[in-house]
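Please read the structure below before turning to the comments.
The values are calculated or read from the model by the stated rules, or taken from the named source; none is laboratory data. Just so we're clear, the structure is a prediction, and the values are computed from it rather than from any experiment. All Cβ positions, even for glycine, are placed from backbone atoms using ideal geometry, and neighbour counts span all protein chains on display. Note: areas computed on protein heavy atoms with side chains; ligands, DNA, RNA excluded. Shrake-Rupley method; radii C 1.70, N 1.55, O 1.52, S 1.80 Å.
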Amino acid sequence: DTEVTQTPKHLVMGMTNKKSLKCEQHMGHRAMYWYKQKAKKPPELMFVYSYEKLSINESVPSRFSPECPNSSLLNLHLHALQPEDSALYLCASSQEGPGYNEQFFGPGTRLTVL
Amino acid sequence: AQKVTQAQTEISVVEKEDVTLDCVYETRDTTYYLFWYKQPPSGELVFLIRRNSFDEQNEISGRYSWNFQKSTSSFNFTITASQVVDSAVYFCALSEAENYGQNFVFGPGTRLSVLP
């Protein structure tokens with residue numbers, strides 16, 4: 001099973017809502033990532049979890065809050081988002097820590113903030 | 001700081017043509033890793049290849065081939081006999097080992113359209 005799953009596929013939320021994005025992998029990978037991708041742009045790294053600990057936070061605003069309940073699951077909690085946060089949010093995983101291992105990506109959650 | 005350049009923003013070819021996607025990178029590290037990813041219209045990024053800085057051997061996988069040249073800091077990707085299903089955005093990416101991946105950076109991408 002070489003799949004990373006993400007739910008939901010689409011999400012529309014208001015600026016006062018609280019929502020969560022979910023990501024799951026069953027490849028035994030020990031590193032998981034959140035990326036943000038705007039239209040016609042490359043993915044931008046947001047967070048990295050390595051062995052269930054947050055190892056990289058790329059200066060992401062606090063309205064995005066990551067959580068790694070276990071080595072297979074990764075959540076991204078959203079609160080008080082702005083319309084400019086509308087984007088495709090991609091989850092990825094890799095065998096070990098970031099860098100030298102290839103990352104496997106999920107299909108993404110397309111988020112629209114009204 | 002590391003940097004990845006993909007000078008070709010968009011390329012259009014007719015099916016069965018060969019096409020090369022260019023990738024030029026900048027890094028001060030002696031140990032680094034290069035990647036190519038494909039992003040079809042569905043949005044999911046698909047891993048294609050990883051190459052470390054000590055392995056300059058070119059690689060061929062079916063219709064895909066990669067040419068890594070440290071002397072010119074390039075890692076180009078060629079699709080032979082292109083097909084409509086190859087239409088996608090292709091990203092080159094670089095990761096520096098010394099920063100333990102803190103600087104995993106994608107290039108801006110090249111949008112390839114293969115016309116029937």
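Some points to look at:
- Qualifying residue in the range A:14-33 (condition: farther than 18 Å from A:SER93 by Cα, outside any loop (DSSP other than H, G, I, E, B), open to solvent by less than 50 Å² (accessible area, probe 1.4 Å) and in contact (Cβ under 8 Å) with a residue 24 or more places away in the chain): yes
- Any hit, the range B:74-95, residues being within 11 Å of chain A (Cβ to nearest Cβ) and either modelled with pLDDT under 90 or assigned to a loop (DSSP other than H, G, I, E, B) (or both): yes
- Breaking point among (1) within 14 Å of chain A (Cβ to nearest Cβ); (2) outside any strand (DSSP E or B); (3) farther than 23 Å from A:ASN101 by Cβ, for B:ARG111: (2)
- Hits in the range B:29-46 - residues which are farther than 20 Å from B:ILE79 by Cα, touching a residue at least 12 places away in the same chain (Cβ under 8 Å) and open to solvent by 30 Å² or more (accessible area, probe 1.4 Å): B:THR30, B:THR31, B:TYR33
- Candidates B:TYR33, B:TYR25, filtered to the one that is at the interface with chain A (Cβ under 9 Å from one of its Cβ atoms), assigned to a strand (DSSP E or B) and touching a Leu at 6+ places or on another chain (Cβ under 8 Å): B:TYR33
- From the list B:VAL85, B:VAL14, the one residue that fits, being touching a Leu at 6+ places or on another chain (Cβ under 9 Å) and open to solvent by 30 Å² or more (accessible area, probe 1.4 Å), is B:VAL14.
- Within the range A:40-52, residues that are more than 12 Å from chain B (Cβ to nearest Cβ) reach partners that are assigned to a loop (DSSP other than H, G, I, E, B) and open to solvent by 30 Å² or more (accessible area, probe 1.4 Å) with beta carbons closer than 6 Å, at six or more positions or on different chains, in the pairs A:TYR51/A:ARG30; A:GLU52/A:SER71.
- Residue count for the range A:36-72 satisfying the condition of being part of a loop (DSSP other than H, G, I, E, B) and among the charged types (D, E, K, R): 6.
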